[in-house]
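The values are calculated or read from the model by the stated rules, or taken from the named source; none is laboratory data. Predicted model only: the values in this text are computed from it and were never measured. Cβ: placed from backbone, ideal geometry, glycine included. Neighbour counts: every protein chain shown. Accessible surface areas use protein heavy atoms only, side chains included; no ligands, DNA or RNA. Shrake-Rupley method; radii C 1.70, N 1.55, O 1.52, S 1.80 Å.
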Amino acid sequence: MKPLGLIRMVVLLLLGTVGPTYAQQGQQQEDKRQKQEQKAKPEKQQEAKPQKQEEQQGKGQQEQEKKQKQEKKQKQENKSAGQEQQQEAKPQRQEQQEEKGQQKQQQANRPSQPEQHGQPGEQQAAWEGHRAHDWKSEHRDWNQRGGYNGYRIPEDRYRGYFGPSHAFRIYSYPVVVVGGYPRFQYGGFWFSVVDPWPEYWPDDWYDKDDVYIEYYGDGYYLYNRSRYPQDRIAVSVSVN
């Protein structure tokens, strides 16, 4: 064999032995690298998982805080709106109350309207039963009765509705009989006629004659301004 052929044979043998060895080593290194990557991957996943949870928790907490702020803001706005409505409604309620108070005062100051008086026969019966047989002997003033102890009309009301300049006709106002005495309403008060009316007055004096109430000396009296201004009949005042 020639030396050149021998050299080729040796080279081929070396290549045949070294090539598989390098290939095997390369495969082992590749397997080792893949194993390391696979091992590192779960660790990265495990590291990323808590971080993701923290991010989610932080995001949820931010949303919750945002929601709470919105709810708080809404409550404040509703509260402010409610306070504004109350403030707006308060003057209205005050105005209504003042208006009602004024209406009541006007009603109290206004003489009763002729809408509650009874039928002519009823009024005639009420007054006929209280007519005197001899008024001069039957009549008694408040001094003779021991003094007036009834309700006293306030001065401002008295000036507005009573006295000779404020005459009226009893027929226009409610009349009832209480305790055997005729009782009529005028100027926001009730007047009980405790004295009998004179027998010489006409039967329809309560319908035709102008009368008025006056406080004289020791008590309240009813006067007939139309025909018998000198006669005075004792009356007692009450508010109901």
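Taking all protein chains in place and a 1.4 Å probe, what share, in percent, of the accessible surface of segment 189-240 do carbon and sulfur account for?
46 percent
By how many nm would the segment from LYS208 to HIS130 grow when fully extended, if each residue of separation counts as 0.36 nm and the alpha-carbon distance is taken off?
26.3 nm
Averaged across orientations, what area in nm² does the convex hull of the alpha carbons in segment 112-240 project?
On the way: hull surface 29.8 nm².
Projected over every direction and averaged, the Cα hull of segment 112-240 covers 7.4 nm².
Between GLN144 and VAL177, what FRET efficiency comes out of the Förster formula 1/(1 + (r/R0)^6) with R0 = 25 Å and r the beta carbon distance, rounded to 0.05?
Numbers: r = 24 Å, r/R0 = 0.95.
Efficiency for this residue pair is about 0.60.
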